Amino acid sequence: MKQRPSFPVKLDTDHQKKSHKNPASINWIESDRTGHTLNTVSLTATGLGLDSSVVRKNMVKRLVESGLEDNLVLTALETVERHKFLDTALANQAYEDTSLPIGFGQTISKPNVVARMLELLRQGKNLRITGKLGRVLEIGTGCGYQAALLSYIAKEVYSIERVKGLHEKARENLRPMRIANLHLLFGDGMIGYAAGAPYSGIIAAAGGDNIPQPWIDQLDEGGRIVAPMSVVKGTQSLVVIDKIKGEIRKSVLEQVNFVPLKAGIV
Ligand code: SAH
């Protein structure tokens, strides 16, 4: 088996540092799929953390109602505290099915879309054979939320971000979670990350006019890419690419709305 590479950036395991981002009490707003507010639940601090698990359970219930069914993905969404990846002012909207700003002009995708993409990633051929996703590459770490989810469904996760400020923000958000199988990288994800290849899955949170060739080259046999792409000018669709016996198969699925995939670092 190929030796694992060493990484330019690894998560710190800082036991002392506690996150001070969250206030002692938050009014959680629950909404239905149309974004209408269902009810407001006020939760207060329990010990060091906030008991937001009830609101997360309800979010997952709504995901199930909308047709999502992969238990591993749903468990990850029930476990990872989305509000910890958002600014305090937005934390009360964390469990609504809505995309939210994360700074630097970028957005975190809505839970429904995140869950859908993770389900698709897990339906690749590799997984059907081995029952597990091996190494996964995420393009666009953003605030680190999806990277945390990926760490539950794959053995090893490499997540790359081109905006330095966001890369640092993700490190800060993820540090208290001490996720050993997640590696954060700062760089241009359009060229993938050859040192970690081959990947059984590649997932992108930003879309361009095509799927960059390095992603296809770095995809393992039986691996799958799930990414937004502009198939028809002016619109964006979710695209799935499978590598089967060296052959590339592309499927175009529903329309989505992601931030643009950009070259270079800032
Ligand atoms: N998965 C993220 C979503 C972030 S939005 C989350 O859970 O928060 C998409 C991200 O892709 C943005 O942060 C943007 O800066 C990043 N991005 C766009 N083009 C990129 C590229 N070429 N390489 C790496 N990241 C890129």
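The values are calculated or read from the model by the stated rules, or taken from the named source; none is laboratory data. Everything quoted here is computed from the prediction, not taken from an experiment. Cβ sites come from the backbone with ideal geometry, for glycine too, and all protein chains shown count toward neighbours. For the accessible areas, the whole protein counts, side chains as well, though only heavy atoms, and no ligand, DNA or RNA atoms are used. Shrake-Rupley method; radii C 1.70, N 1.55, O 1.52, S 1.80 Å.
Kindly check whether there is at least one residue in the range 58-79 that is within 27 Å of residue 265 (Cβ to Cβ), assigned to a helix (DSSP H, G or I) and open to solvent by 20 Å² or more (accessible area, probe 1.4 Å).
Narrowing the range 58-79 to residues within 27 Å of residue 265 (Cβ to Cβ): none.
Scanning the range 58-79, I find no residue that is within 27 Å of residue 265 (Cβ to Cβ), assigned to a helix (DSSP H, G or I) and open to solvent by 20 Å² or more (accessible area, probe 1.4 Å), so the answer is no.
So which residues in the range 238-258 are part of a strand (DSSP E or B) and surrounded by 17 or more Cβ atoms within 10 Å (Cβ to Cβ)?
If the condition is that a residue be part of a strand (DSSP E or B) and surrounded by 17 or more Cβ atoms within 10 Å (Cβ to Cβ), then 238, 239, 240, 241, 242, 243 are the ones that fit.
For every residue, the table says whether it meets (1) more than 9 Å from the ligand (Cβ to nearest atom); (2) assigned to a loop (DSSP other than H, G, I, E, B); (3) open to solvent by less than 20 Å² (accessible area, probe 1.4 Å).
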residue	(1), (2), (3)
84	yes, no, no
92	yes, no, no
95	yes, yes, yes
98	yes, yes, no
101	yes, no, no
114	no, no, yes
118	yes, no, yes
136	yes, no, yes
141	no, yes, yes
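Do you know which residues across the range 186-213 are surrounded by fewer than 21 Cβ atoms within 10 Å (Cβ to Cβ), over 12 Å from residue 261 (Cα atoms) and in contact (Cβ under 8 Å) with a residue 12 or more places away in the chain?
Of everything in the range 186-213, those that are surrounded by fewer than 21 Cβ atoms within 10 Å (Cβ to Cβ), over 12 Å from residue 261 (Cα atoms) and in contact (Cβ under 8 Å) with a residue 12 or more places away in the chain turn out to be 186, 187, 194, 195, 197, 198.
Given the options 164, 169, 155, name the one that is open to solvent by 30 Å² or more (accessible area, probe 1.4 Å), in contact with a Lys or Arg (Cβ under 8 Å, 6 or more places away or on another chain) and either away from the ligand (no atom under 13 Å from the Cβ) or farther than 20 Å from residue 117 by Cβ (or both). Walk me through it before giving the result.
On the way: 164 fails: in contact with a Lys or Arg (Cβ under 8 Å, 6 or more places away or on another chain); 169 fails: in contact with a Lys or Arg (Cβ under 8 Å, 6 or more places away or on another chain).
Step by step, each of 164, 169, 155 is checked, and only 155 is open to solvent by 30 Å² or more (accessible area, probe 1.4 Å), in contact with a Lys or Arg (Cβ under 8 Å, 6 or more places away or on another chain) and either away from the ligand (no atom under 13 Å from the Cβ) or farther than 20 Å from residue 117 by Cβ (or both).
Kindly establish whether residue 216 is part of a loop (DSSP other than H, G, I, E, B) and either open to solvent by 10 Å² or more (accessible area, probe 1.4 Å) or on the phi > 0 side of the Ramachandran plot (or both).
No: the conditions fail for residue 216.
Just to be sure before I move on: is residue 137 touching a helix residue (DSSP H, G or I) at 6+ places or on another chain (Cβ under 6 Å), farther than 18 Å from residue 104 by Cα and not basic (Lys, Arg) in the structure I sent? Give the steps one after another, and end with the answer.
Numbers: touching a helix residue (DSSP H, G or I) at 6+ places or on another chain (Cβ under 6 Å): no; farther than 18 Å from residue 104 by Cα: yes; not basic (Lys, Arg): yes.
Against the criterion (touching a helix residue (DSSP H, G or I) at 6+ places or on another chain (Cβ under 6 Å), farther than 18 Å from residue 104 by Cα and not basic (Lys, Arg)), residue 137 does not qualify.
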